[in-house]
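Report on the structure given below.
The values are calculated or read from the model by the stated rules, or taken from the named source; none is laboratory data. Keep in mind that this is a model prediction, so the values were computed, not measured. In this analysis, Cβ positions are derived from the backbone assuming ideal geometry, glycine residues included, and neighbour counts consider all displayed protein chains. Quick note on the areas: whole protein, heavy atoms, side chains included, nothing else; ligands and nucleic acids left out. Shrake-Rupley method; radii C 1.70, N 1.55, O 1.52, S 1.80 Å.
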Amino acid sequence: MLKLNPVARKRLERFKAIRRGYYSAIILAALFVLSLGAELIANQRALLVIYEGEWYFPTYGDIIPGETFGFDYRYETDYKALKARLAESGEGVVIMPPVPYGPLETDLAVGDFPPHAPSIDSGHYLGTDTSGRDVLARIIYGFRIALLFSLLLLFFNYLIGVSIGCLMGFWGGTFDLIFQRIIEIWSNVPFLYVIMIVASIVQPGFWTLVGIMVFFGWTGITWYMRTATYKEAARDYVMAARAIGASNSRIVFRHILPNSVSTLITFVPFSVASGITSLTALDYLGFGLPPPTPSWGELLKQGTENLDSLWLVLSVVTAMTLVLMLVTYIGEAIREAFDPRKFSYYE
Amino acid sequence: MNRFALFFAALLFAALSPTVVAAPETLPKKLNWQTNLGDPIFASPEAVRGGRFRSFITTFPLTLRLVGPDANGSFAHYLRANALALVDFHPNTLNPIPMLATHWAFDEDGKTVYYRLDPDARWSDGKPVTADDYLFTLEFMRSEHIVAPWYNNHYSKVIVEVKKYDQHTIAITGAVPKPREELLYEYGLRPTPAHFHQLDEQWVRDYNWKIEPNTGAYQISKVRKGKYVEFERKRNWWGDNKRYLQYRFNPDHIRVKVIRDINMAYQYFAKGELDTFPLNSPRFWHKKAQGDIYDKGLVGKIKFYNDVPQPSSGMYLNEDDPILGDRKVRYAIAHATNVQKVIDTVLRGDYERLNSQYEGYGDYTHPGIRARDFDLARANTLLDEAGWQERNGRGIRVKDGRPLSLRVTYLSSNHSDRLVIIQREALKAGIDLQLQLLDPSTGFKQILEKKHQIAWMGWSGGGLSPVFWEFYHSDNAHKPQNNNITNTDNPEIDRYIMEYRRATDKAARVRLAHKLQELVHEQGSFIPTFKVPYTREGYWRWLKLPPWRATRTSDSVFATMGSTGGLFWIDREIRQRIEDDDLEHAKPSLIIDETWRK
């Protein structure tokens, strides 16, 4: 059982008391967990196939070639065709996910031209994009990628930013001075241009993109950490710890960091939001993840190029607004929960 | 003794510089000078001069040079269009017509053509175009300083000599005898302003942004880097009273604006900030080109069938790649490429399947060659035979632990939806195609440096007969910066290419061209995709066209320059009225011109 100290418990209670933020947190967490199982929600692979008495769970793992189910091909089974066939003959059962399309699957028939409008009959609840891929499926997978990207970015940015900021505040002196200058220079490098240059030479993958963004993104948090550390290091309890003979690392990790973490946490939701927006922006500009990766930015681009197919731009804008709104509500609530004053008056 | 010394000196001189002939030569006596002023003109006498025509390109040119590194971009055609040839071909009758030369005559050796230069011809700086400018072209094109191996080779091995008889008479000799029309076409030469160039190691850099004097109707008047290039119509252009140049090139200014995104460009067009817009893409023609401006008749649509060599769009497989070096794999990829599905779905049935790299060359086009069909069974058999039997968990074929993954480099995000379908279909054969979208300049560079695996692109077609040496001769393989982007290196193809280049008799050339097309088809390193035997454009109705609209060989109805271009004109009064919203609404206009449909 996790035991929280009284301050943290109080903050948690306050956070819970702020309904809007609390529910937003629950919804976003639920969405994230659901998106981790996106393969079970939107997929061209069936959830369960019962064929000739055998049970198959094709969702995860290797592809099952069509031959297995009596088709004459060795590539991946078309489960929708299998479902139709088995439903007719009654030889077995196929259970498809709620959205029976994968993010990369092109659903095209001769003589009809994508993008298709939303339709319940076809199973494209939000329609298809210009290549005939399901918009909902791409939104779900795009959400997962954007969020994971953003969380990874956050982790690395904070890892580097907090360490350096903390050391700057703790050691002070020349180290502080040198790093201040480095960071000032660093944060003036126009990172979008760097990405554009890199993207015009090689197509960046997921990890390269994380790498580049961390390379330029870690500076932001250092200032806050530096200030917080300076403040904490001057406190009496740090002096006391030092007097007892605590080592530097003990002071930093056991005393200063936990006490300055509140500054950090208030920034987290906003960093997540900015991570999502920057990936979307890069994808929109064509410097992001390579096609055909499902991505909100790419969908947004298609949407703006095809304003006559309104469902494209509507779905992605709605999804994006929703997620960014949730994140902002959470951020607001956290900030308030960590504020030691219960009431503020603004004039 | 003295006479001997002089003789030897002259001999030595001649041996050292075979092209720069000092002593005036005498023309052969029995020359049959020809010209052609009898074909119908294809421009309209009703054309009115004036106005500014606004057009766009998607990337700013990397240079304004006509040759040298990066000089082969999409902007180059504007520059080349204003470098007139000695003789051009009538766009409808395909007969030779005079340009910079008024007359031409053929030597009995079958490889030399004599030209009488038009004494009226002027460079844009006012200097006359003389025989020396043609001599200089040879020196220029052979120079190492221009860093253009193709030109170096062409002007030494294909065109071997230029002779000057007087200021306005020259002869050009090619390496091998050819049919007469081919002589005019293949051994043609454009003059290079000798007074403008200073050839040295710095040339490529020094002349990168210099504006070379030209002979055409337009000259660049303004360059804003990254933004636009503006051309200005020459006042009192020397060509204005020549039969095939009069009534043409009517706008006073042509502004070529850089708009990096084609959809953005369409918005510019819809707002009337561009005069025309290419609507070849089905998405534009069927879906985007709709709405008020069309319904009110302010913007017209035209679909004009032409009859020209087709651009060779398709997938170029780099044979130097270890996987693609195997012919069976190349065949298998062709059989796993579902072009028809792309045509039937995202392309709305508008495009047609291209069958070979050499369509639209009349007799030269092999009638029997068909592109390899989408046939998964064949693809599977071929890949099994090539040793790619195993499949990994994703269903991708594996050989010696290496998956059958190939990078497809392409240059326009508009092609993503086509490629996504091809990618999904290829996966069925266990081939993993990874799409790599690059900026056109960067991507083309990568392809020319032969660092690609599969290049999704097209070369524009042209000429009277197909060319093979550039694309398939081993001289160009395994070296950067030439058109053999498949790195084809096949002795049999080499042998036939050389034979084809030497042949003069048309029947023999046709036979060899057919044989070569068979061999190229067998080589399997090019997978043809689409052809579009027409041009479709949208245009603001202030643009006026002659009654025949365009010519047999027009690849754009509203081309501003070039040998079929400059036929339209701007009606400034209507333009003003449209812009003031003072025009009575006209009926929507859709023209489908099938005059030249095959």
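Observations
- A search for C-beta distances below 8 Å between a residue of the stretch B:167-192 that is aromatic (Phe, Trp, Tyr) and any residue that is not in a loop (DSSP other than H, G, I, E, B), counting only pairs 6+ apart in sequence or on different chains, returns B:TYR185/B:PHE89; B:TYR187/B:VAL113; B:TYR187/B:VAL158; B:TYR187/B:ILE159; B:TYR187/B:ILE172; B:TYR187/B:THR173; B:TYR187/B:GLY174.
Matching residues to (1) assigned to a loop (DSSP other than H, G, I, E, B); (2) surrounded by 15 or more Cβ atoms within 10 Å (Cβ to Cβ); (3) assigned by TED's automatic domain parsing to the domain that holds B:MET99:
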site	(1), (2), (3)
B:VAL176	yes, yes, yes
B:LEU183	no, yes, yes
B:GLY188	yes, yes, yes
B:PRO193	yes, yes, yes
B:ASP200	yes, no, yes
B:ILE211	yes, yes, no
B:THR215	yes, yes, no
B:LYS222	no, no, no
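- Residue that is nearest to the other protein chains (Cβ to nearest Cβ), among those in the stretch B:414-434 that are under 18 Å from A:GLY205 (Cβ atoms) and open to solvent by 10 Å² or more (accessible area, probe 1.4 Å): B:SER416
- Just one of the listed residues (B:SER44, B:SER124, B:SER55) is among the hydroxyl-bearing types (Ser, Thr, Tyr) and open to solvent by 30 Å² or more (accessible area, probe 1.4 Å), namely B:SER124.
- Residue count for the stretch A:16-47, restricted to those that are away from every other protein chain (no Cβ under 14 Å), surrounded by 15 or more Cβ atoms within 10 Å (Cβ to Cβ) and outside any helix (DSSP H, G or I): 5
- Condition broken by B:SER156, with the remaining ones in (1) free of Cβ contacts under 8 Å to residues at least 24 places away in the same chain; (2) crowded, with 18+ Cβ neighbours inside 10 Å; (3) under 22 Å from B:TYR500 (Cβ atoms) satisfied: (2)
- Within the stretch A:286-305, being at pLDDT below 85, at negative phi and within 9 Å of another protein chain (Cβ to nearest Cβ) holds for A:PRO290, A:PRO291, A:PRO292, A:GLU305.
- Scanning the stretch A:80-112 for residues that are within 25 Å of A:TRP311 (Cβ to Cβ) and crowded, with 19+ Cβ neighbours inside 10 Å yields a total of 12.
- Counting only residues that are assigned to a loop (DSSP other than H, G, I, E, B), more than 8 Å from every other protein chain (Cβ to nearest Cβ) and aliphatic (A, V, I, L, M), the stretch B:435-466 holds 1 of them.
- Screening the candidates B:PHE304, B:PHE277 for the property of being away from chain A (no Cβ under 14 Å), closer than 23 Å to B:ARG348 by Cα and in contact with a Ser or Thr (Cβ under 7 Å, 6 or more places away or on another chain) yields one hit, B:PHE304.
- Search result, residues across the stretch B:388-413 that are more than 10 Å from chain A (Cβ to nearest Cβ), under 20 Å from B:SER525 (Cα atoms) and β-branched (Val, Ile, Thr): B:VAL408
- Residue satisfying all of: in the stretch A:252-285; within 14 Å of another protein chain (Cβ to nearest Cβ) and open to solvent by 50 Å² or more (accessible area, probe 1.4 Å); modelled with the lowest pLDDT among these: A:LEU285
- Index of the failed condition, A:ILE63 passing every other in (1) in a loop (DSSP other than H, G, I, E, B); (2) β-branched (Val, Ile, Thr); (3) open to solvent by 40 Å² or more (accessible area, probe 1.4 Å): (3)
- Among helices (runs of 4 or more DSSP H) entirely within the stretch B:313-387, having at least 3 residues that are open to solvent by 50 Å² or more (accessible area, probe 1.4 Å) and within 14 Å of chain A (Cβ to nearest Cβ) singles out B:376-385.
- A:ILE120 falls short on exactly one of the conditions (1) closer than 24 Å to A:TYR60 by Cα; (2) modelled with pLDDT under 85; (3) out of contact with any Gly (no Cβ under 6 Å at 6 or more places or on another chain); (4) of a type in the set (Val, Ile, Thr), and that condition is (1).
- Matching residues in the stretch B:360-389 - criterion: being under 18 Å from B:GLY461 (Cβ atoms) and β-branched (Val, Ile, Thr): B:THR365, B:ILE369
- The sole residue among B:GLN446, B:GLN453, B:GLN481 that is touching a residue at least 24 places away in the same chain (Cβ under 8 Å) and open to solvent by 40 Å² or more (accessible area, probe 1.4 Å) is B:GLN481.
- Screening A:SER131 against (1) open to solvent by 10 Å² or more (accessible area, probe 1.4 Å); (2) within 14 Å of chain B (Cβ to nearest Cβ) leaves a single unmet condition, (1).
- Members of the stretch B:93-149 found to be touching a residue at least 60 places away in the same chain (Cβ under 8 Å), farther than 30 Å from B:ARG502 by Cβ and among the small types (Gly, Ala, Ser), listed by number: B:ALA121, B:SER124
- The residue that is nearest to the other protein chains (Cβ to nearest Cβ), counting only those in the stretch A:107-127 that are touching a helix residue (DSSP H, G or I) at 6+ places or on another chain (Cβ under 8 Å) and farther than 16 Å from B:ARG348 by Cα, is A:ALA117.
- For the stretch A:77-89, the count of residues that are part of a loop (DSSP other than H, G, I, E, B) and more than 14 Å from every other protein chain (Cβ to nearest Cβ) is zero.
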